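Data first, discussion second: the structure below is written as structure tokens.
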């Protein structure tokens with residue numbers, strides 16, 4: 001089933017991001033709005049549109065954090081982190097300064113500061129319960145290891 005893109009690579013990565021909505025790591029509306037701004041087949045457009053969405057959501061998270069709305073801030077930081085990841089997927093080079101620049105705005109300490117590690121289980125892996133906190137750590141480490 002096609003969600004949005006005719007291009008198989010773009011479609012697969014878009015489905016990957018949209019699928020994360022189930023655990024709060026993406027928003028379906030934000031994702032489709034971003035996809036609608038991407039120029040088909042243009043990796044630079046893909047990167048720029050996802051990073052623009054990530055920055056907008058990070059700004060919302062910063063405002064929520066400043067107002068003491070930790071849960072709202074944490075949820076927004078989590079989505080921004082995923083959008084940054086989506087943005088650098090096609091153009092990232094391990095150790096590349098641009099990759100690091102685009103990913104660093106949403107670093108683990110900023111995201112994790114707004115999350116309670118016991119905030120609730122969203123799944124398990126081989127019998128080990130995983131929370132959204134665990135997913136943030138996994139994605140953050142994935143970003144660090146790629147740089």
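What the table shows:
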| item | result |
| --- | --- |
| Distance (nanometres) between label positions extended 7 Å along Cα→Cβ at residue 21 and residue 52 | 2.1 |
| FRET efficiency estimate (nearest 0.05) - Cβ-Cβ, residue 67 to residue 6, R0 30 angstrom | 0.10 |
| Burial ranking of peptide ranges 27-33, 67-73, 39-45 (average Cβ count within 10 Å, highest at the top) | 27-33, 67-73, 39-45 |
| Cα-based shape type of region 1-41, given that a ≥ b ≥ c are square roots of the gyration tensor eigenvalues and the cut on a/c is 1.5 | oblate |
| Simple spin-label estimate for residue 90 and residue 37 in nanometres, 7 Å along Cα-Cβ | 1.6 |
| Packing-based order for 52-65, 7-20, using average beta carbon neighbours within 10 Å, highest first | 52-65, 7-20 |
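Every number in this text was worked out from the coordinates using simple rules, so none of it is lab data. Fair warning: this is a prediction, and the values are worked out from it, not measured in the lab. As a convention, Cβ positions derive from the backbone with ideal geometry for all residues, glycine included, and neighbour counts pool all protein chains shown.
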